[in-house]
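Novice: Got a structure for you, written out below as structure tokens; questions coming shortly.
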Amino acid sequence: MKRIFYVFLFLLAGVCTYAQQAKYVFFFIGDGMGVNQVNTTEMYLAAGQGRIGVEKLMFGSFPVAGIATSFSASNPITDSAAGGTALATGSKTYNGAIGVDAGKRSLRSIATRAKASGKKVAVLTTVGINHATPAAFYGHQPDRGMYDELAKELPASNFDFFAGAGILRSGDKAVSLEPVIEEGGYAIAHGMDEYAAKSVQSDKILLLQESGDDVNSLPYAIDRKNGDMTLAQMTEAAVGFLMKEKNKGFFLMAEGGKIDWACHNNDLATVVKEVIDFDNAVKVAYEFYKKHPKETLIVISADHETGGLGMGISGYTLNLKALENQKVSQEELSRRITDLRRNKDVSWEQVKALLSETMGFWTELPLNWSQERALRDEYEKSFVQHKVEFTETLYARSESLAAVARKVMSQIARLGWTTGSHTAEYVPVYAVGAGSEKFMGKMDNTDIPKRIAEAGGYK
């Protein structure tokens, strides 16, 4: 009798373990998205409602929350290559490495393990498909700048769905690498219309922006025009593609890559809009989760924090509602200033009109003497003395007047930045669904993929 009882318990335990496995896994990575990027966005949303506090993002309302460290094997502060590799493989490596360990030996990603376990796999990003974070899920190279080699590895993954801005090049940029990917059995669609036509008959597909658009990244959410592709659209397309046929489940990684770019620029309003846009993609996953709550796991995290964003520069107040008045990114403002410069004898009043239109200065946001003086001095140097200088960040080269304008906006909002690079600050972790309890508390970034693999039952 005892033997029967114990056999019953064993079988019951097996059934329970199986029931807890996540058939469908979404892993969202907000590149550069630290705890304060999330908190600032939620307080901005509350300020827009006229109140102090937070208006939770979708993922901010998830029942499980934690924090993670992000140091690499070589540096206290990681780069996106080592950070992406840690999140993809569960192993530390040196800054600059993609999918290899400190000895340059190849590592298996959770995406590869999911595929080996019979799952369909999708990798999505708002930047180049062979950029650091997405590449870490399928590539193995000692240097993140080996874009050509990483692109050529994409077909070997045999993943079902890829989506991104374009294919980055380290070699001859005039030579397309698309034929290499097509020879690997992938249909390539440029834009959502072409995707709709090609996806029906395709077993594997790579979705990119319209031909002629920037291969480096999708436009910032704040600069978006009708017809521009979004991470939410890509996520919806991926889910539809992965669910076309009966299957044993899927693993989907989606990266909001331009949160990081905006943080490198210390462009606060653009950061907030990118985090909201990232959350819109999470909402697509959450709608899927509501239909399959016992079989779906959604995990949100980041590879590192960028910018050292601090909420408060003096006193006990913030002015986040001011960010509503910024209508373009620093990069777009820089382009408009450059266009204005083509005119002869540009007056200070013309510059003020541009800054009023794009940033809300003077008309909506009063400036103090020092703020207006900083803008006027930069105008004098740039337009009157013709000493044109550009501000360099990792992903942008901007007019110095645009850089001063975004500094003024941060001052008005009463937030500060410690750097234009990465930091070692904690990154957030959020989860909901099957196995989500594994993501509570403090952990290292390498713990996240290990726990995802455990929740999904990957080989």
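Residue-wise test of (1) at pLDDT 95 or above; (2) surrounded by fewer than 23 Cβ atoms within 10 Å (Cβ to Cβ); (3) more than 18 Å from Met253 (Cβ to Cβ).
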| position | (1), (2), (3) |
| --- | --- |
| Ala111 | yes, no, no |
| Ala114 | yes, no, no |
| Leu124 | yes, no, no |
| Asn158 | yes, yes, no |
| Asp172 | no, yes, yes |
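Novice: Here's something else I'd like to know. I'd like the full set of residues that are charged (D, E, K, R) and more than 22 Å from Lys204 (Cα to Cα), limited to segment 128-168.
Specialist: The initial filter retains those residues of segment 128-168 that are charged (D, E, K, R), namely 143-144, 148-149, 152-153, 160.
Selection gives Asp143, Arg144.
Matching residues to (1) at positive phi; (2) in the same structural domain as Ser356 (by TED's automatic domain parsing):
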{"residue": "Thr391", "(1), (2)": "no, yes"}
{"residue": "Ser400", "(1), (2)": "no, yes"}
{"residue": "Val408", "(1), (2)": "no, yes"}
{"residue": "Ser421", "(1), (2)": "no, no"}
{"residue": "Gly441", "(1), (2)": "yes, no"}
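Novice: Output the number of the condition that Phe439 fails; it satisfies all remaining conditions of (1) farther than 28 Å from Val25 by Cα; (2) crowded, with 18+ Cβ neighbours inside 10 Å.
Specialist: Failed condition: (1).
Novice: With respect to Met33, is the statement that it is farther than 30 Å from His140 by Cβ and among the hydrophobic types (A, V, I, L, M, F, W, C) true? Before you say what the answer is, go through the steps one by one.
Specialist: On the way: farther than 30 Å from His140 by Cβ: no; among the hydrophobic types (A, V, I, L, M, F, W, C): yes.
No.
Novice: Hey, another quick one. Sort out which residues of segment 57-97 are assigned to a helix (DSSP H, G or I) and either among the small types (Gly, Ala, Ser) or on the phi > 0 side of the Ramachandran plot (or both), and write them in order of number.
Specialist: At the first step, the residues of segment 57-97 found to be assigned to a helix (DSSP H, G or I) are 59-61, 80-89.
Correct list: Gly60, Ser61, Ser80, Ala81, Ala82, Gly83, Gly84, Ala86, Ala88.
Novice: Residues of segment 148-172 being part of a loop (DSSP other than H, G, I, E, B), among the small types (Gly, Ala, Ser) and either closer than 19 Å to Ser217 by Cβ or touching a Ser or Thr at 6+ places or on another chain (Cβ under 7 Å) (or both), which ones? Can you show your working first?
Specialist: Pass one, segment 148-172, residues part of a loop (DSSP other than H, G, I, E, B): 158-160, 164-172.
Pick out the ones that are also among the small types (Gly, Ala, Ser) and you get 164-166, 170-171.
Within segment 148-172, Gly164, Ala165, Gly166, Ser170 qualify.
Novice: Quick one: in segment 402-436, of everything that is touching a Ser or Thr at 6+ places or on another chain (Cβ under 6 Å) and surrounded by 20 or more Cβ atoms within 10 Å (Cβ to Cβ), which residue is farthest from Ala374 (Cα to Cα)?
Specialist: Residue satisfying both the conditions and the ranking: Gly433.
Novice: Scan segment 144-171 residue by residue and report those that are of a type in the set (Gly, Ala, Ser), closer than 18 Å to Glu210 by Cβ and touching a Gly at 6+ places or on another chain (Cβ under 7 Å).
Specialist: Within segment 144-171, Gly164, Ala165, Gly166 meet the criteria.
Novice: In addition: Report, by residue number, each residue of segment 98-111 that is touching a Pro at 6+ places or on another chain (Cβ under 8 Å) and part of a loop (DSSP other than H, G, I, E, B).
Specialist: Lys104, Ser109, listed by residue number.
Novice: Might you check whether a residue that is without any contact (Cβ under 8 Å) to a residue 24 or more places away in the chain and assigned by TED's automatic domain parsing to the domain that holds Asp214 occurs anywhere in segment 149-157? Outline the logic, then answer.
Specialist: Here is the first cut: in segment 149-157, the residues without any contact (Cβ under 8 Å) to a residue 24 or more places away in the chain are 149, 153.
Checking the rest, the ones that are also assigned by TED's automatic domain parsing to the domain that holds Asp214 come to 149, 153.
Checked against the condition, which is being without any contact (Cβ under 8 Å) to a residue 24 or more places away in the chain and assigned by TED's automatic domain parsing to the domain that holds Asp214, segment 149-157 yields at least one hit.
Novice: Follow-up question, since we're still on this one. Could you say whether any residue in segment 29-50 is surrounded by fewer than 18 Cβ atoms within 10 Å (Cβ to Cβ), part of a loop (DSSP other than H, G, I, E, B) and modelled with pLDDT of 95 or more?
Specialist: Scanning segment 29-50 turns up at least one residue that is surrounded by fewer than 18 Cβ atoms within 10 Å (Cβ to Cβ), part of a loop (DSSP other than H, G, I, E, B) and modelled with pLDDT of 95 or more.
Novice: Assess whether Arg336 counts as being out of contact with any strand residue (DSSP E or B) (no Cβ under 7 Å at 6 or more places or on another chain) and either free of Cβ contacts under 8 Å to residues at least 24 places away in the same chain or assigned by TED's automatic domain parsing to the domain that holds Tyr44 (or both).
Specialist: yes
Novice: Let me ask another. Hey, among Ala114, Ala189, which residue is part of a helix (DSSP H, G or I), touching a strand residue (DSSP E or B) at 6+ places or on another chain (Cβ under 7 Å) and within 19 Å of Leu242 (Cβ to Cβ)?
Specialist: Values: Ala189 fails: part of a helix (DSSP H, G or I).
Only one candidate passes the filter, namely Ala114.
Novice: Okay, next question. Where in segment 228-323 are there helices (runs of 4 or more DSSP H), lying wholly inside it, with at least 3 residues that are of a type outside the set (Val, Ile, Thr) and either over 12 Å from the mean Cα position of the chain (by Cα) or within 19 Å of Ala65 (Cα to Cα) (or both)? Spell out how you get there, then give the answer.
Specialist: Numbers: elements: 231-242, 258-264, 268-291.
It comes to 231-242, 268-291.
The values are calculated or read from the model by the stated rules, or taken from the named source; none is laboratory data. Being a predicted model, the structure only gives us computed values, none of them experimental. Cβ: placed from backbone, ideal geometry, glycine included. Neighbour counts: every protein chain shown.
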